[in-house]
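S.K.: Got a structure for you, questions after.
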Amino acid sequence: MSLLHLHPDEPPARRVERHALVRAHNQTVVLDTFLRGVALSRVDVAEATGLSRPTVNVIVDQLERLGLLVRIGSRTGSVGRSAAVYRVNRLAGVVAAIVISEQQIRASLSDLDGVVVAQREIAKPGRGQLLRSVAELVTGLEVEIGVAPQSVRATIVSSPGAQDPVTGRLSLTENVPELSGVRLAAELSDLLGHEVVADMDVYLAAVGEHRFGCAQEADTLGLLWVSGGIGFGMLVDGTPVRGAHGSAGEVGYLPLGNDPFASRSRRRGSLEEAAAAAGIRAATRRLRDHYPTRLNLRPSASDVLDAAGEGDPLGCAVVDEEAKLLAMTIFSVCVTLDPAAIVLGGDLGSHPVLRTPIERYLNELSPFPIDLRSSALGNEAVLLGAQAVGHDLLINRLLNSVAV
């Protein structure tokens, strides 16, 4: 951050206004220096920021009174004098990350260093109890680590579906029908009493892979998530592309796999019907009479993929169909958006048995190379992405709070 300076020939009113602006800016500069995660003396801060020692002394005292800094000891200088050493109070600001999925709710609290200090998961409750259960989960974690509710500055909540950018209402939430029409951010904020940001799970998974996973160097990134549903998250310079209606990436509605004009396809999408978990199970039933198999009569989608990895003929046939559909999906995205890398994510999409046949079909389809990668984070990608977005928001909120 650059420093601001006063100009002596300004009118008095403007000078007062500018003085307040300079003071707030300098407070932000000092706090930002501590937020880099190091322990510093006042001399260290003055040297790092270029601010005068008296200015740094005043600001450090203010930040300590606000509870944002804590003294952690002292350091002996070269002439024998000791200097107090401070670091940011990690629990002065906490952010919650929530992942709502088909079967469960996962929650974590992270501190100012981005370190997870508490984490818990519960089974998804019945209809009518979802948001209250989320709020109780966050409150329980606050009690667990002993922070006051006001220390939680924001919650990032992830869910399937699309969020209308104007109304905030969710749609296309077939895998979690309790969320259909819900204004997730607003309603959860009313229960928690602080800011809530809601985002699509696949967008946050893409953020997770970009920050911590297999595509940290990619400036543009697409993530194809295959699990109980199918979604696609696109990042440009680390920022999700959400579209005019919040539904960018709903590739489950691509006219592939099943009849896109069938009524059921309007509800879930023809590709999702064919290639998500239910589609893999349906393909297994359809092909069972044509291939020998060791699979039982009601295998899960994961069981089918595992069997293919062991050479089971029925499993291999199903995987071949699945890989062809996913290759067509990826190719459709690449000829439209041309991301630098495509990540296969989700518990099914990242299964090791899928990548090789998908690459084979992509080589047949595409006149240009497609950089295909398997997720390094698996199902953790969504929660890690939510934590990363939350940490960024937390830092911005704290910097803005001292600049007021």
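S.K.: Would it be correct to say that A39 is farther than 26 Å from R153 by Cα, in contact with a strand residue (DSSP E or B) (Cβ under 8 Å, 6 or more places away or on another chain), surrounded by fewer than 18 Cβ atoms within 10 Å (Cβ to Cβ) and of a type in the set (G, A, S)? Before you say what the answer is, go through the steps one by one.
M.R.: Values: farther than 26 Å from R153 by Cα: no; in contact with a strand residue (DSSP E or B) (Cβ under 8 Å, 6 or more places away or on another chain): yes; surrounded by fewer than 18 Cβ atoms within 10 Å (Cβ to Cβ): yes; of a type in the set (G, A, S): yes.
No: the conditions fail for A39.
S.K.: Would it be correct to say that G378 is at pLDDT below 95 and closer than 28 Å to V115 by Cα?
M.R.: It is true that G378 is at pLDDT below 95 and closer than 28 Å to V115 by Cα.
S.K.: Here is a follow-up. Specify which of the listed residues (G193, G229, G233) is of a type outside the set (S, T, Y) and in the same structural domain as Q103 (by TED's automatic domain parsing). Spell out how you get there, then give the answer.
M.R.: On the way: G229 fails: in the same structural domain as Q103 (by TED's automatic domain parsing); G233 fails: in the same structural domain as Q103 (by TED's automatic domain parsing).
Testing whether each residue is of a type outside the set (S, T, Y) and in the same structural domain as Q103 (by TED's automatic domain parsing) leaves just G193.
S.K.: Give the residues of segment 226-244 that are in contact with a Ser or Thr (Cβ under 9 Å, 6 or more places away or on another chain) and either of a type in the set (A, V, I, L, M, F, W, C) or touching a residue at least 40 places away in the same chain (Cβ under 8 Å) (or both), sorted by residue number. Step through it out loud before you land on a result.
M.R.: Step one: of segment 226-244, the residues in contact with a Ser or Thr (Cβ under 9 Å, 6 or more places away or on another chain) are 226-228, 230, 232, 234-237.
Result: V226, S227, G228, I230, F232, M234, L235, V236.
S.K.: If you don't mind, another one. Can you find a residue that is in contact with a strand residue (DSSP E or B) (Cβ under 9 Å, 6 or more places away or on another chain), within 27 Å of A215 (Cα to Cα), modelled with pLDDT of 95 or more and among the polar types (S, T, N, Q) anywhere in segment 321-341?
M.R.: yes
S.K.: If you don't mind, another one. Which of the residues spanning segment 211-225 are in contact with a helix residue (DSSP H, G or I) (Cβ under 9 Å, 6 or more places away or on another chain) and in contact (Cβ under 8 Å) with a residue 60 or more places away in the chain?
M.R.: R211, F212, G213, A215, A218, T220, L221, G222, L223, L224, W225
S.K.: In segment 207-222, what residues are more than 19 Å from I100 (Cα to Cα) and either of a type in the set (S, T, Y) or under 16 Å from the mean Cα position of the chain (by Cα) (or both)? Before the answer, list the steps.
M.R.: Let us first name the residues in segment 207-222 that are more than 19 Å from I100 (Cα to Cα), namely 210-222.
H210, R211, F212, G213, C214, A215, Q216, T220, L221, G222, listed by residue number.
S.K.: Is there a residue being without any contact (Cβ under 8 Å) to a residue 40 or more places away in the chain and surrounded by fewer than 20 Cβ atoms within 10 Å (Cβ to Cβ) anywhere in segment 91-98? Give the derivation first.
M.R.: Taking segment 91-98 first, the residues without any contact (Cβ under 8 Å) to a residue 40 or more places away in the chain are none.
Checked against the condition, which is being without any contact (Cβ under 8 Å) to a residue 40 or more places away in the chain and surrounded by fewer than 20 Cβ atoms within 10 Å (Cβ to Cβ), segment 91-98 yields no hits at all.
S.K.: Determine which member of the set E273, E359 is touching a strand residue (DSSP E or B) at 6+ places or on another chain (Cβ under 9 Å) and over 24 Å from L204 (Cβ atoms). Quick ask: steps written out before the conclusion?
M.R.: Values: E273 fails: touching a strand residue (DSSP E or B) at 6+ places or on another chain (Cβ under 9 Å).
The match here is E359.
S.K.: State which residue pairs qualify: first residue touching a residue at least 12 places away in the same chain (Cβ under 8 Å) and buried (at least 17 other Cβ atoms within 10 Å of the Cβ) and inside segment 101-120, second residue assigned to a loop (DSSP other than H, G, I, E, B) and of a type in the set (K, R) in any location, beta carbons under 7 Å apart, and separation of 6 or more residues or different chains.
M.R.: Every condition considered, the pairs that remain are I105/K124.
S.K.: What residue, of R298, R285, R281, is in a helix (DSSP H, G or I), more than 25 Å from the chain's Cα centre (by Cα) and over 23 Å from S375 (Cβ atoms)?
M.R.: Numbers: R298 fails: in a helix (DSSP H, G or I); R281 fails: over 23 Å from S375 (Cβ atoms).
Result of the check over R298, R285, R281: R285.
S.K.: While we're here: So A186 passes all but one of these: (1) surrounded by fewer than 24 Cβ atoms within 10 Å (Cβ to Cβ); (2) under 27 Å from D371 (Cβ atoms); (3) of a type in the set (A, V, I, L, M, F, W, C). Which condition number does it fail?
M.R.: Going through (1) surrounded by fewer than 24 Cβ atoms within 10 Å (Cβ to Cβ); (2) under 27 Å from D371 (Cβ atoms); (3) of a type in the set (A, V, I, L, M, F, W, C) one by one, A186 breaks only (2).
S.K.: Still on this structure, I have one more. When you go through (1) modelled with pLDDT under 95; (2) within 23 Å of G243 (Cβ to Cβ); (3) within 17 Å of the chain's Cα centre (by Cα) one by one for P177, which number turns out not to apply?
M.R.: Every condition holds for P177 apart from (3).
The values are calculated or read from the model by the stated rules, or taken from the named source; none is laboratory data. These figures come from a predicted structure and were not determined experimentally. No Cβ is skipped: glycine too gets one built from the backbone with ideal geometry, and neighbour counts run over all protein chains shown.
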